[in-house]
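First up is the structure itself, then whatever we jot down about it.
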Amino acid sequence: MYKTSSKLLAALALAGLVVPALQAAEAVGIDGKWFAYPGQVDPQERTLEPPAPIPDPPLKPEFLEDWRTLRATLAAADARGEPIASGYTRCIPDGMPAMMQGMFPMEVMASRGQITIIQEAYSQVRRIYLAGEPLAWEDAEPRFWGHSVAKWEDETLVVDTVGIKDYVMFRNVPHSPAMRISERIYLLDTNHMVDEVTVTDPEYLTGPWQWSWMYTRRDDYKLYEYVCENNREFADPETGEARLRLFGE
Amino acid sequence: MNARARLAPLFKAYLILVLCMHWVPNAAAHHSFAMFDSQNQVKMTGTVTKFDWTNPHVYIELDVVGSDGLTKSWTIECANISILGRIGWKFNMIKPGDEITVIVGPLRSGQPGALLKQVTLPDGTKMGNGGPAGLPNIQ
């Protein structure tokens, strides 16, 4: 009986080592540091077809014209040299899904039960949990990066995110609390990763809004800190224009 | 009240206000470089009084003696630590007291603020200000 127990113990111990190793091995492909492709990559390294341009959002007719007008207004203000103040003027970070566009490098880390992604711009952190079911939107506290759960389908990480604050928008596209962001994250090859994004919103969109982002691996890169400690920009209280606070003011 | 009834009217009513005050732009439309005149660039030499190695922007305060003999303090906006670090800037590359030459796009408002295009350090090294800020168009 002693021998049988020791064999059983040995088998359990081995399982205890192997199972976490398997979980880590599934994730290790996307682990690492990533630069946006092709935007942050030198021209001679642009060997793969870049993703298609992001299409306009399929906003419902009652919202589409307002959105087009706003985009045109913002572009015209820029062209005049009188840019309207934005969330960035107040050091408000991108949130989801914009944080995944890879404005700056990002870091993907797998640990037990979760994938953590850090975007260098504004030190944004999102946590994707590998257990649990997607939240109902009514139960999702509004956040910048939402609530994410994911499952591995073979080598693809399939993520559901819900609960984005109303004013956290991508390309100024309005959304309801019911908006969901679905992602399929996978490697094209060892050094290239894709995030296929699908946004759905029964209140604002006629159908899914889909696009892909691509990244190239940069494992020797060490992310910088980003603390918005010295913000010299402000919104003009009368015009809403972005202004610069000079030294001495 | 069901979810649909709750959602629809309120968001439409506040749509424009929310969008104008709180929007987050995409990366292509850089947030506020448009306030600088990147076409009519100017070149200045002056003495550094401050070098803020900070986010969201690195700033140089530069005392420049004008043609009228008066010293004006300029606020020169550089990119952020991440972009600058990646093109070779160091936190201690510029110090108060350094005499540097800058090529800048000045504020359209006429105030003494500007966007850096290129800096020439005391040892003659020239550094840019990263892709989004654009290149110098004068020598």
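Coordinate-derived values only; no laboratory data. Note that the structure is a prediction, hence the values are computed from the model and not measured. Counting neighbours? That spans all protein chains shown, and the Cβs are built from the backbone with ideal geometry, glycine included.
Scanning segment A:129-177 for residues that are polar (S, T, N, Q) and farther than 22 Å from A:Pro57 by Cβ yields one hit, A:Thr156.
Could you please find all residues in segment A:101-139 being of a type in the set (Val, Ile, Thr) and surrounded by fewer than 17 Cβ atoms within 10 Å (Cβ to Cβ)? Within segment A:101-139, A:Thr116, A:Val125 meet the criteria.
Only residues that are within 30 Å of B:Leu107 (Cα to Cα), more than 7 Å from chain B (Cβ to nearest Cβ) and free of Cβ contacts under 8 Å to residues at least 60 places away in the same chain: list them for segment A:200-242, please. Once the filter is applied, which keeps residues that are within 30 Å of B:Leu107 (Cα to Cα), more than 7 Å from chain B (Cβ to nearest Cβ) and free of Cβ contacts under 8 Å to residues at least 60 places away in the same chain, segment A:200-242 yields A:Pro237, A:Glu238.
Looking at this structure, is A:Glu233 on the phi < 0 side of the Ramachandran plot and exposed (fewer than 12 other Cβ atoms within 10 Å of the Cβ)? No. The condition (being among the hydroxyl-bearing types (Ser, Thr, Tyr), more than 13 Å from chain B (Cβ to nearest Cβ), within 22 Å of A:Leu187 (Cα to Cα) and in contact (Cβ under 8 Å) with a residue 60 or more places away in the chain) is satisfied by just one residue among A:Thr116, A:Thr161: A:Thr161. For segment A:67-79, filtered to residues that are within 8 Å of another protein chain (Cβ to nearest Cβ) and over 22 Å from A:Gln210 (Cα atoms), the residue that is surrounded by the fewest Cβ atoms within 10 Å (Cβ to Cβ) is A:Ala79.
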